[in-house]
Structure formats: C-alpha cells, structure tokens
Amino acid sequence: MEILSQIWSFLGLLTVLQNVLPTQLVSLLHSFYESIQDFFSPYSYFEIPEFNGYCGVDVNDLYRHVNLYLNSINSSSTCRRLTLSRSKSSNRISYTVAPNQMVHDDFRGHHLSWTHQVDNVQDSVEEKRSFTLKLPKRHRLELLNPYLEKVTAQAEEFERISRERRLFTNNGHGSYESGWSSIPFHHPSTFKTLALEPELKTQLMDDLTAFSEGKEFYHKIGRAWKRGYLLYGPPGSGKSSLIAAMANFLCYDVYDLELSKVSDNSELRALLIQTTNRSIIVIEDIDCSINLTGDRMTKMRNNQSVHKKNQHHVIGNNTEDNGRVTLSGLLNFTDGLWSCCGEEKVIVFTTNHKDNVDPALVRCGRMDMHVSLGTCGMHAFRVLVKNYLGLDSHVLFDVVESCIRSGGTLTPAHIGEILLRNRRDADVAVKAVLTAMQAKILGAEVDATEGRHEYDELARTPESIGRILMESPDNLSEGSPEKKKKKEGSTWDKNVKLLVRLKSLTKSDSGRRGV
C-alpha cells in the first residue's frame, strides 16, 4: 500500500508540474525522458503511419501491407481484440487489429511485435493511425529489411488470393476515363471439375504456376511479363470453362474484350492501358470477331490490281483502316510496345477453327501455348459423371469406353447436358449417354445419307437405338448411287455388328443389376 501511495503522489506531482511549467519545458523534459528510456531499452521501435508526409493524402503502401500481413498470419491467436468487417459483395470476414492492441510475431528466431496506434487529432473528428514495429535493438540492422520484404511479399500474395475478383467487359467508350464495366466474378469452374485428360490438366497448371512465379525470370531475360494461350476446338469442348478455371487458379480478374465494340486502334490501346495487373484478357472467337484474319495475300493482290487502275483510290482504301481495328493494331496489342503496359497478364484467344486464324496472331511470342480441346476421353467422362451424378464407377463404364475407342466420342457440353437432364436417376443418365455415343457411331452413316437421326433425340429415348438396329441396311441403301456404294462397303456392317455387341453388353449388365 505504501508503494502505491508513493506512485500516486508522484503522478500527482507530474500533473501539477505539467500545469505549472511552460509547455516548451514540459515537451523538452518529455523528450529527455524518452531518450533515456530508449538508451536503456533493449528494443528499437519503427513507426509506419497510414499516410506519408503531413498532408494526409498520400497513402503509405507499407501500412496497407502490414495490415494485410497481420490478417494473413491469423492475428487472433496473439491479439486480444480485433475489429471485424465484411463488405456487401463478399462473404469473407476480414479483421484488423483494434486500436492500441499488440500482435506478436517471430522471425529468424527473434520475437517481434506490432502495435496498432490510433490517436485522435485535436479539434477534429479524424484519427491518426500507424503501426509500430518493436524488434531487438542489437539485431535491428540484420532483421529490419528482410522482415519488411517478407511482410510485403506475404501481404501481396494474401491480397491476390483473398480479394474479390471481377469480370470486365468493354462498354464502347475505351478512349474515355474508363472503357470497362464490371461485375463480381464467381464462376465455379476449377481444374478439379474440368473434363480434361490428366496430362493436359497437369501441363496447364504447371505452366500457369511457372508464369505467376516468374517475375524475376522475365525481367532477367528482358521479356514482358505476359503469356498467351490459344484455345481451339469444336463448340462445347470447354474453352470458356477452361478460362474460368485459369482465372480461379491464378486468382486473376477477367477482361472479356469484344472487338466489335472497339472503334479503332487507339481505343484498343486505351483499353489495354486501363487493364490491371494480374488479369486475363480474353478475345473469344478471334476468327469471326471482326474481319482481321482473312487471306492477306488476296487483299494484297486486290490492292495491286486497283493500284494499276487508280492510285488515288488505293490511298483512299488505306485511310479507311484508320476508322477500325486492324490486324496491325491487334498484333501490337498482343506483342507490341504497348503490350508491356502492366505486368503479370495472360492473353487468351479462342476459336472453333484454328486454320481460319491469321498465322501472325498465333505465332510463338504472341500465343505461347496452343491448347487443343475436343471430345471427351474416358478420364474426362469419369470426371463429368463424378460432377453431375456423384459416382466414381458404374457397371456400364466398360461399355462406354468401348464406344469411345470406336469413335463414339461426344463433347463435354453434350455429355453434360444429357447427365443434367437425367441427373435424378444415375442409371438412366449413363444409359442415355451410352445411347448417344452408339448413335454417333451409327449416325455417321445415317446422317451422311438422309440425316434421319439426331443425337439429342436418341439420348432422350434410348429405345430408339433398337429401332435403328432393326432397320434393314437394304432399305437404308436404296436410292442414289452413293447410298448403293455404302451398301457394298463393309463400314455399315462393322458399325451394325459393333452396336449389336454393345447393346448386348448393356442388356447383360442391366440384367446382372436387376434393372
């Protein structure tokens, strides 16, 4: 009690002296006291304010990184009070260290701590915020810079993973302040749910990982930190789903560029400048977006022919290109000087017909990786069945595999629609897919002659395959000489025998299961 009484007396004396002594003297004594305290203290303190300078308008990026870093290390285990928050457009709860609370951390075997200082500004409702770092004084030179580099790197990675991703589209006003409008991007496609063969899936994931971690490598070799992918294949082969999976894997924003809305090359450059780092720029159906990829030799010959007739007319034709996006403008967009605006960008072109795309657009350096997407193999089929029906195996999988080897492959979209339509009964769904595959094997002959059978119709009515098998090849072969040639050939007989065998396998499997 006597010690407490002396402490209170000393504090009272300090209060009296603070009121009696001049302000300048009190400030001088306070500075002298802090100097003595710092001299005998085994720790060094570094303050990181929220804003740089005294104007309070230039945000200190290091303050933001510290805040993100403390979120990433789960400060709740070492901090007694946290401030929780959640935005309207996100389900994720974020938190910050409450005012004047401390968070402990370890680095290279040393104990460090962060304190969130919040002070009220005199005669104002604003607050002055800062983080104070405390670390051992003897090791401050060897700890400070490496530790802050770790804080920045981990904060940027945490921001990339946790931030809300957005889907952008150009609004036709690229030359103005913002040529993009956006919505939250919540596409569920991932590499786990993609119907791709495992070798291709692994190759894509490894390539994307190497790209996202290759900042120093790209700078060392003197290349812009970007990568191009050409996705080609028939409709329904999963090109758009693969783009969404890439965005979710990298945690990038997606910019869906509609070339038909871009007026000229200048607007195209303006749109490129407005894209952010860590983004995927997508141009779908590049071969038919605008007339870029035609035969340039034909155009050159036409221009030379016109030049002989009227040179002035040729000049007029050249000037017309100034009012639209040209092939040269798109080439500069993907691999010219303007393509290095920003870093860590992926450019994706998609097409249903690779041969229709101008070779200059897809050469190495522009489209670095060409990805062929087509019909489903057995592994991709199993992934789709797992996604839609929740099955890892089925007794008809062997029959399906026989159909795939015999040329009855379907696109992921086609199989997905059949499974979705019959998802309430797994057996019916697998049978319907099997029927569509069998119909494709047989329909390759039937559709070539009369177009009598549609795959979707057959998938809805599995019994119809039996009606096809009951039809005589003689009846299907009557008519034109081409049909008679089909009768003489052996392809029809092979297909019919194959389908009879597959149908018998299907029936026997159903009988074993009591279906």
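Summary of computed values
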{"item": "Accessible area (Å², 1.4 Å probe, nearest 10) - VAL118", "result": "20"}
{"item": "Under 14 Å, Cβ to Cβ, from SER372 - net charge with Lys/Arg +1 and Asp/Glu -1", "result": "0"}
{"item": "Separation in nanometres of the label points that stand 7 Å from Cα toward Cβ, at SER263 and THR83", "result": "4.5"}
{"item": "Karplus 3J(HN,Hα) series, Hz, for the range 277-288 with 6.51 cos²θ - 1.76 cosθ + 1.60 (x for Gly, Pro)", "result": "5, 6, 9, 10, 9, 10, 10, 8, 6, 4, 6, 10"}
{"item": "Values of log10 I(q)/I(0), in the order q = 0.17, 0.22, 0.32 Å⁻¹, for the range 178-229 under a Debye, Cα-only, solvent-free model", "result": "-0.80, -0.93, -1.17"}
{"item": "Accessible-area order (highest first, 1.4 angstrom probe) of the listed residues LEU337, LEU230", "result": "LEU337, LEU230"}
{"item": "Virtual spin-label span in nm between ASP285 and ARG163, 7 Å along Cα→Cβ", "result": "3.2"}
{"item": "Total formal charge among the other residues, if their Cβ is under 13 angstrom from that of ASP61, Lys/Arg +1 and Asp/Glu -1", "result": "-3"}
{"item": "HIS111/GLU216 FRET efficiency (R0 41 Å; Cβ-Cβ; nearest 0.05)", "result": "0.85"}
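The values are calculated or read from the model by the stated rules, or taken from the named source; none is laboratory data. Source: prediction; values computed, not measured. Using ideal geometry, Cβ is built from the backbone for each residue, glycine included, and neighbour counts are taken over all protein chains shown. To get the accessible areas, we keep the full protein, side chains included, count just its heavy atoms, and leave off ligands, DNA and RNA. Shrake-Rupley method; radii C 1.70, N 1.55, O 1.52, S 1.80 Å.
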